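The values are calculated or read from the model by the stated rules, or taken from the named source; none is laboratory data. None of these values were measured; they are calculated from a predicted model. So basically every Cβ, Gly included, is an ideal-geometry build from the backbone, and we count neighbours across all protein chains shown.
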Amino acid sequence: MDEYEETRPLLVNDEQTDEDRSEQDSYLDKVKNGKLYIATFAAVLGPLSFGFVLGYSSPAIPELSKIQDPRLQLSTEEASWFGSVVTIGAALGGLLGGWIVEKIGRKLSLMFCALPFICGFTIIIAAQNHWMLYVGRVLTGLASGVTSLVVPLYISETAHERVRGTMGSCVQLMVVIGIMGAYITGLFLDWRWLAIASSIPPTIMLEQSFSLADLKDPGVYKPLGIGIMMMLLQQLTGINAIMFYAETIFEQAHFKSSDVATVIVAATQVVFTAIAAAIMDKAGRKILLILSGVTMCVSEAVFGVYFKLTVKHNNSSLTSVLLDAQGSLAEQPPTDLAWLAVGSMGLFIAGFALGWGPTPWLVMSEIFPTRVRGLGSALCVLTNWTCAFIVTKTFQNLMDAITSAGTFWMFSGLCALNVIFTAIFVPETKGKTLEEIQACFKGTYQR
């Protein structure tokens, strides 16, 4: 009897457990998993990005091993570092992920992963030496390490037991899809464009913080359009073209030491960037952008005149002024014209540093609402470096197609477009709170 009484509660508990399970099964039969699938899809974009990181080195290393630029060409040892250094970043990311997931939560950790992914690929896109390649790989590895910890944790905590296995398996599935995607894309794109393509999945990860319906909000689409256009127009000023010719122009002006040229250029940038920082909150953003655009427009127009006067027979390269067909020194342009080139270059650099150098980055940090600040900033940075690559890559082709003078006159016209764009579309953010800036975009701002 005592034995029966001791075992009876256990039987009742078992029956209750079965009833509970039956009720739970009935409930789960009615559950619509649409939102869960969307959340999981957004999360596994991280492993997809991880797969692109792992697969990127396979098509990129053969190209980088044969590239003509000695600053980027990888030896066998350097190629092995390029391929393996990502694992160092991943190891650090694993350690960081454990700490950050407890500090800021699962969702914010997932969004955080997107930033080093995008920054890493952006640095690779803009790489000018081996170290930039390595840093880019380490950053993408860091993001991969955080992702490999956070995503499985997030899915296990959000998915119910009936679909948890399927959802969890998607992590590895997306990794291998990313690897395959990198291999396939590498068949058609070179290593820089492959890096651009690889940065797309982590950029999409930041849509987790807003829906496409938010694009109907003028407080979102207006600053997004302005931010992207400012980054695009910044690179279309031709800043990289000017830097490309800087050393040769200084040599023509009898500055034989390239170190002197570098110091003069750097000093000009430092001085006028410091001036811009000192007067930014007094003069305002728009006036500096307009002054900067006008200065660059005039200086590049003078540059075009310089090339028109010095480059004969529509030659498209400045080096043709220095060397004749036999490789001997050709007739040098008059010294006063060389100094005209130096002066216009200095004027351009001063104008760029005063406005269109620092101000787009400042405005970018001011105009986005909090919920889209990460995505908006990421898209702006990606636009900037992608356009920088395109301008640098196609610059010589432009010179061949429309001559040196025509190229710089084109840049001068684009600087004039910068001025028009600033006057019409760029808001003045001086002295306004972030809330007031948002009100300006929505048309509700009142003084």
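Annotations
- Matching residues in segment 396-408 - criterion: being touching a residue at least 60 places away in the same chain (Cβ under 8 Å) and surrounded by 19 or more Cβ atoms within 10 Å (Cβ to Cβ): Met399, Thr403, Ser404, Ala405, Thr407, Phe408
- Put simply, of Met180, Met243, Met231 the only residue that is in the same structural domain as Asn418 (by TED's automatic domain parsing) and at pLDDT 85 or above is Met231.
- Index of the failed condition, Glu78 passing every other in (1) within 24 Å of the chain's Cα centre (by Cα); (2) of a type in the set (Asp, Glu); (3) assigned to a helix (DSSP H, G or I): (1)
- Taking residues in segment 364-390 that are assigned by TED's automatic domain parsing to the domain that holds Phe411 and polar (S, T, N, Q), and partners anywhere that are outside any helix (DSSP H, G or I) and crowded, with 22+ Cβ neighbours inside 10 Å, the pairs with Cβ atoms closer than 8 Å and at least 6 places apart or on different chains are Ser377/Phe368.
Here's the yes/no breakdown for (1) modelled with pLDDT of 85 or more; (2) not small (Gly, Ala, Ser); (3) not in a loop (DSSP other than H, G, I, E, B):
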position	(1), (2), (3)
Gln73	yes, yes, no
Glu102	no, yes, yes
Ile123	yes, yes, yes
Ala143	yes, no, yes
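- When Leu95, Leu28, Leu108, Leu36 are checked against the criterion of being aliphatic (A, V, I, L, M), part of a helix (DSSP H, G or I), modelled with pLDDT under 85 and in contact with a Lys or Arg (Cβ under 8 Å, 6 or more places away or on another chain), a single residue qualifies: Leu28.
- For segment 59-76, the criterion of being in the same structural domain as Ile196 (by TED's automatic domain parsing), within 20 Å of Gly186 (Cα to Cα), of a type in the set (Gly, Ala, Ser) and buried (at least 21 other Cβ atoms within 10 Å of the Cβ) is met by at least one residue.
- Verdict on Met174 being within 23 Å of Pro62 (Cα to Cα) and assigned by TED's automatic domain parsing to the domain that holds Pro70: no
- Residues in segment 89-105 that are under 14 Å from Phe50 (Cα atoms) and surrounded by fewer than 19 Cβ atoms within 10 Å (Cβ to Cβ): Ala91, Gly94.
- Leu108 being surrounded by fewer than 20 Cβ atoms within 10 Å (Cβ to Cβ), under 20 Å from Phe52 (Cβ atoms) and not assigned by TED's automatic domain parsing to the domain that holds Phe389: no
- So Val138, is it part of a helix (DSSP H, G or I), at pLDDT 85 or above and buried (at least 17 other Cβ atoms within 10 Å of the Cβ): yes
Conditions tested, residue by residue: (1) of a type in the set (A, V, I, L, M, F, W, C); (2) assigned to a helix (DSSP H, G or I); (3) out of contact with any strand residue (DSSP E or B) (no Cβ under 9 Å at 6 or more places or on another chain).
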| position | (1), (2), (3) |
| --- | --- |
| Leu375 | yes, yes, yes |
| Leu379 | yes, yes, yes |
| Leu382 | yes, yes, yes |
| Cys387 | yes, yes, yes |
| Ser404 | no, yes, yes |
| Thr407 | no, yes, yes |
| Cys415 | yes, yes, yes |
| Ile424 | yes, yes, yes |
| Gly431 | no, no, yes |
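- Given (1) crowded, with 17+ Cβ neighbours inside 10 Å; (2) out of contact with any Pro (no Cβ under 9 Å at 6 or more places or on another chain); (3) at pLDDT 85 or above, number of the condition Leu194 does not satisfy: (2)
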